[in-house]
1. How would you classify the stretch B:86-179 from its alpha-carbon gyration tensor, with a ≥ b ≥ c the square roots of the eigenvalues: rounded for a/c under 1.5, else prolate if a/b is greater than b/c, otherwise oblate?
2. Between A:R53 and A:R118, what FRET efficiency follows from the Cβ-Cβ distance if R0 is 25 Å, with the result rounded to 0.05?
3. Let me know the shape class of chain A, please: from the alpha-carbon gyration tensor, a ≥ b ≥ c as square roots of the eigenvalues, rounded when a/c is under 1.5, otherwise prolate if a/b is greater than b/c, or oblate.
4. Tally Lys/Arg at +1 and Asp/Glu at -1 over every other residue whose Cβ is under 15 Å from the Cβ of A:P201; what's the total?
5. If a/c stays under 1.5 just call it rounded; otherwise compare a/b with b/c (prolate if a/b is bigger, oblate if not). Do that for the stretch A:1-114, with a ≥ b ≥ c from the square roots of the Cα gyration tensor eigenvalues.
6. Under a Cβ-Cβ cut-off of 14 Å, what is the net charge of the residues other than A:R259 that fall near it, where Lys and Arg count +1 and Asp and Glu count -1?
7. Per residue of the stretch B:137-150, in order, report the coupling 6.51 cos²θ - 1.76 cosθ + 1.60 (Karplus, θ = phi - 60°) as ³J(HN,Hα) in whole Hz, putting x for Gly and Pro.
8. Determine the per residue accessible area of the protein assembly as shown with all protein chains present and a 1.4 angstrom probe, expressed in square angstrom.
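The values are calculated or read from the model by the stated rules, or taken from the named source; none is laboratory data. The shown structure was predicted, so the numbers you read here are calculated from the model rather than taken from an experiment. Cβ coordinates were reconstructed from backbone atoms using ideal geometry, including for glycine residues, and neighbour counts include every protein chain displayed. The area values use the complete protein model at the heavy-atom level, side chains included, leaving out ligands, DNA and RNA. Shrake-Rupley method; radii C 1.70, N 1.55, O 1.52, S 1.80 Å.
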Amino acid sequence: MRGFTYERAADVASACASVAQNSSARFIGGGTNLIDLMRAGVERPSHIVDISRLGLAEIAETPEGGLKIGAAALNSDVAADRRVRERYPLLSQALLAGASGQIRNKASVGGNLLQRTRCPYFYDTRMPCNKRSPGAGCAAFDGLNRMSAVLGASRSCIATHPSDMAVAMSALDAEVEIAGDGGKTRTLPIGDLHRLPGETPDIETNLRHGEMITAVVLPPPPAGRQIYRKVRDRASFAFALVSVAITLDATGGRIGAARIALGGVAPKPWRVARAEEIVSGQSAERMSFDAAADAVLEGAQGYGHNDFKIELARRTLLRTFETASQA
Amino acid sequence: MTVERLMDFGAVPETTRRDLLLAGGATAAAAAFPCGIAAVRAQVPMAAPEPVRISITVNSDAVELAVDPRMGLLDMLREELRLTGSKKGCDHGQCGACTVLLNGRRVNACLTLAVMHDGDDIRTIEGIGSPESLHPLQAAFIERDGYQCGYCTPGQICSALGMLEEAQAGWPSHASADVAAPEISLTDAEIRERMSGNICRCAAYPNILAAIRDVAPEA
């Protein structure tokens, strides 16, 4: 691992200032992804700023009837929180479908959102990767791309975003609170946090260097059922091939509102507004769900080894719709 | 026991150390010297960083030591404190052989830096029991033959102890049918899912499960 200097931040403002003034500085929260990347030589910060003890771990009610989850809250604490389990079971399910008990006890909410892809070519510094070394090329495009994206990818990069939690938060219409250098704060809908790769897969989010996620705000829970379904190579402790987060209000056999987000298939949680409009107001039956699946998967493209993901995503989506529409 | 230990960081030119301190330590210095860190890195890219002093409690003993910021918690336990019960398997958080209890919670010691744990409380397998006075879970692993080579066993036991606390607190898991249920029942499926962060290359899983079941509350 390359040498770096370590700083335990005293408060949010000084942490942001410290990172903002050094282009190779990084925040560290739980560190479960960053430290691994530093060992692999993928991340080479010269300075790391520890933000794990800034009092940002609280989970609190909002005046609107939602929950504000501090960015330093541990994945395990969020999954076990009684309010999350009762009002946002989708979020508990997604968190518990990810990683291991040990990792969930260390990984933070902010770090989970900002974790990097697990594309093997991104991790292997001997292989070309546009995300790691812009302009180097993409080894996954013609390589072993079984885990790669089928939606939202580009010629430059076909890596997926690995988070389960972010997929659930996307379906729950979460907002991300951000603090920046000079004490400025702003809020982004979670759908605007991550970027598609285009020609610049190295720029993964719309955060500026030195900006820090301080909280995720969940609006009041949507009506109806919430289900997270994850399909993976092992029964536990594996990244998603495909995952589906659905909230569905189908009382009386008619769909009032639905929200659909997919994981494991794209560079960010994949949510298609048109698919949700298509099922809204329809009867809760196979034909409506088929139409929604068509809309979600419109433009899907495989790269060889991952062609199966398109059909797998369709079947997982339909199965989850059916479960969610049963009383 | 109080361990006082300063690591030997090898020969680093004095000028380099001073520049690193200037560049990395004080905000004012860094602001006045905006390119300081990049410049120093370009000159001596592999220079060892300055050690950082931490105070940490390990198996109820207060320990003070100076650590290279790059040192993982696992390496600190094994190499500095000579507590070699915690094992290095994959060093990526995938196998669980390094599992320790951090402030009572199970974590992968390989995936965190020692420097981040000033003031924390760590419990390793050496603090769980001893050959003369085994913890009931250690006795159960022997009784049930919950290992072959034994390399993963310290991590399995630390992880299981943390897992049982989590279940006691009512935490759900991926194996729970309803995450909102007020209580969980530790079925075999629940134990297997909750222990998925610990791999056993000898595949002693049936016996590991039996050992944990022996000390777990009735399902």
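1. It comes out rounded by the Cα gyration axes.
2. The pair A:R53/A:R118 has a calculated efficiency of 0.35.
3. oblate
4. Around A:P201, the charge tally is +4.
5. oblate
6. It works out to a net charge of -1.
7. Coupling constants for the stretch B:137-150: 6, 5, 4, 5, 4, 5, 4, 8, 6, x, 5, 10, 6, x Hz.
8. Computed with neighbouring chains in place, this is 42 Å² per residue.
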